[in-house]
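Structure first, commentary second.
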Amino acid sequence: LAALISSRFGVPFEHVVVGAGSIGILQALFAATCEAGAEVVYAWRSFEAYPGLVLLSGADPVPVPLRHEAHDLAAMADAITPRTRMVLVCNPNNPTGTVVGRRMMNAFLDRVPTDCLVVLDEAYRDFVDGNVDTPEGAETYRERPNLVVVRTFSKAQGLAGLRVGFLIAQAPVATAVRTVQLPYAVSHLAQVAAIAALRAGHEVSRRVRAVMAERHRVRETLAGLGWRIPAAHGNFVWLPLGSRAEEFAAACEVAGISVRCFAGEGVRASIGSPGENDRFLAVARAFRGRPSAAEPVGLNFMAGPRVRSSQVS
Ligand SMILES: *Cc1c(COP(=O)(O)O)cnc(C)c1O
């Protein structure tokens with residue numbers, strides 16, 4: 001599997017480490033680089049596993065608030081101290097779906113000390129709109145020895161239950177991660193499936209394109225209803241509902257639709273089949289017409305400017 005990844009991404013075999021999902025990879029990376037008193041900077045809200053993994057390693061989490069639902073890379077660079085071992089950049093971000101532009105990423109990398117790792121979590125990289133200029137980790141890391149790319153087979157390839165992901169990094173980092181990894185972390189079945197998924201690249205791309213087309217339709221329909229939805233680059237849309245997030249999630253549940261609710265912040269809705277998406281849109285349409293008890297209508301999610309899908313932060 002590592003050999004196939006190395007040839008597909010055009011990187012040396014020694015730079016590839018496979019692990020039990022990208023969470024398994026991150027855990028090993030933290031174990032290899034962090035100790036009590038170390039700091040790990042990441043955006044928040046972002047992937048839910050980050051804070052727990054940082055605490056498990058003994059390091060201190062340093063969350064930096066998102067700005068307009070996107071990474072605030074300037075503030076994240078400001079948060080780096082001599083104790084910072086690592087900065088996590090989730091691109092696209094889970095759960096808000098925003099991406100980091102290439103120029104901003106390069107300006108950020110210029111500011112990060114070379115002995116501090118930057119981890120680019122590309123779990124949703126396959127779903128990024130083609131017209132957006134965002135870095136490709138497997139290329140960027142060549143000129144940036146402190147950049148580590150983490151990828152997974154859980155999303156575009158749909159193998160979440162089999163637990164397989166990988167890391168691409170320069171040899172010193174890759175070797176350190178391999179050294180602390182649980183031996184035989186990736187099962188034979190997971191490797192066979194991941195190899196089959198890489199060989200079925202055309203079919204995976206076809207499914208990714210179908211998800212992206214539906215994502216576009218869902219987002220446009222919601223915008224047409226007056227919802228403010230940030231540019232979506234994952235296999236989901238983010239609804240910044242603020243104090244109405246729980247109310248909306250409850251309405252979805254009544255309709256038999258499972259969404260991810262972050263109380264007081266928003267709701268992440270995964271893109272499904274066209275029929276499933278239609279059911280979701282029907283709930284959104286009905287909810288749009290419902291008066292809010294909690295706050296004046298429009299305060300948080302109905303009145304803001306529409307964000308163009310090409311807009312990159
Ligand atoms: C799903 C997800 C992962 C975890 O992937 P596994 O490979 O299943 O561990 C990592 N990062 C982000 C941002 C994710 O959304």
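The values are calculated or read from the model by the stated rules, or taken from the named source; none is laboratory data. Just so we're clear, the structure is a prediction, and the values are computed from it rather than from any experiment. Glycine also receives a Cβ, built like all others from the backbone with ideal geometry; neighbour counts cover every protein chain displayed. Surface accessibility is based on the protein's heavy atoms, side chains included, excluding ligands, DNA and RNA. Shrake-Rupley method; radii C 1.70, N 1.55, O 1.52, S 1.80 Å.
Below are the figures for this structure:
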| quantity | calculated |
| --- | --- |
| Filter result for Glu265 (open to solvent by 20 Å² or more (accessible area, probe 1.4 Å), within 24 Å of Arg45 (Cβ to Cβ) and acidic (Asp, Glu)) | yes |
| Selection from segment 206-217 of residues that are surrounded by fewer than 23 Cβ atoms within 10 Å (Cβ to Cβ) and touching a residue at least 60 places away in the same chain (Cβ under 8 Å) | Val208, Val211, Met212, Glu214, His216, Arg217 |
| Selection within segment 133-159 - of a type in the set (Gly, Ala, Ser) and either touching a strand residue (DSSP E or B) at 6+ places or on another chain (Cβ under 8 Å) or open to solvent by 50 Å² or more (accessible area, probe 1.4 Å) (or both) | Gly137, Ala138, Ser154, Gly158 |
| Residue among Glu14, Glu69, Glu122 that is among the charged types (D, E, K, R), at pLDDT 95 or above and open to solvent by less than 10 Å² (accessible area, probe 1.4 Å) | Glu122 |
| Top-ranked residue in segment 174-198 [being in contact with a strand residue (DSSP E or B) (Cβ under 7 Å, 6 or more places away or on another chain) and assigned to a helix (DSSP H, G or I); ranked as farthest from Ala31 (Cα to Cα)] | Ala174 |
| Every pair of residues 6+ apart whose Cβ atoms lie under 6 Å, when the first sits in segment 140-151 and is closer than 11 Å to Gln170 by Cβ and touching a residue at least 24 places away in the same chain (Cβ under 8 Å) while the second is in a loop (DSSP other than H, G, I, E, B) and open to solvent by 10 Å² or more (accessible area, probe 1.4 Å) | Pro145/Gln170; Asn146/Thr114 |
| Residues being within 16 Å of the ligand (Cβ to nearest atom) and on the phi < 0 side of the Ramachandran plot - total across segment 139-168 | 19 |
| Matching residues in segment 4-19 - criterion: being in a helix (DSSP H, G or I), touching a strand residue (DSSP E or B) at 6+ places or on another chain (Cβ under 8 Å) and of a type in the set (A, V, I, L, M) | Ile5 |
| Residue list for segment 78-108, filter: among the aliphatic types (A, V, I, L, M), out of contact with any strand residue (DSSP E or B) (no Cβ under 6 Å at 6 or more places or on another chain) and open to solvent by less than 10 Å² (accessible area, probe 1.4 Å) | Val99, Val100, Met105 |
| Extreme residue, surrounded by the fewest Cβ atoms within 10 Å (Cβ to Cβ), among residues of segment 240-255 that are free of Cβ contacts under 8 Å to residues at least 40 places away in the same chain and in contact with a strand residue (DSSP E or B) (Cβ under 7 Å, 6 or more places away or on another chain) | Glu246 |
| Qualifying positions in segment 222-243 - in a strand (DSSP E or B) and touching a Phe, Trp or Tyr at 6+ places or on another chain (Cβ under 8 Å) | Leu239 |
| Any pair with Cβ under 6 angstrom, 6 or more apart, that starts in segment 68-82 at a residue that is at positive phi and ends at one that is open to solvent by less than 20 Å² (accessible area, probe 1.4 Å) | Glu69/Thr96; Glu69/Thr98; Glu69/Pro230 |
| Odd one out for Glu39, checked against (1) within 30 Å of Ala269 (Cβ to Cβ); (2) away from the ligand (no atom under 16 Å from the Cβ); (3) of a type in the set (D, E, K, R) | (1) |
| Residues that are open to solvent by less than 10 Å² (accessible area, probe 1.4 Å), farther than 12 Å from Phe287 by Cα and aromatic (Phe, Trp, Tyr), drawn from segment 226-239 | Phe236 |
| Hits in segment 53-65 (condition: more than 21 Å from Glu35 (Cα to Cα) and either open to solvent by less than 40 Å² (accessible area, probe 1.4 Å) or assigned to a helix (DSSP H, G or I) (or both)) | none |
| Test: residue in segment 89-99 that is within 13 Å of the ligand (Cβ to nearest atom), at positive phi and not in a helix (DSSP H, G or I) | yes |
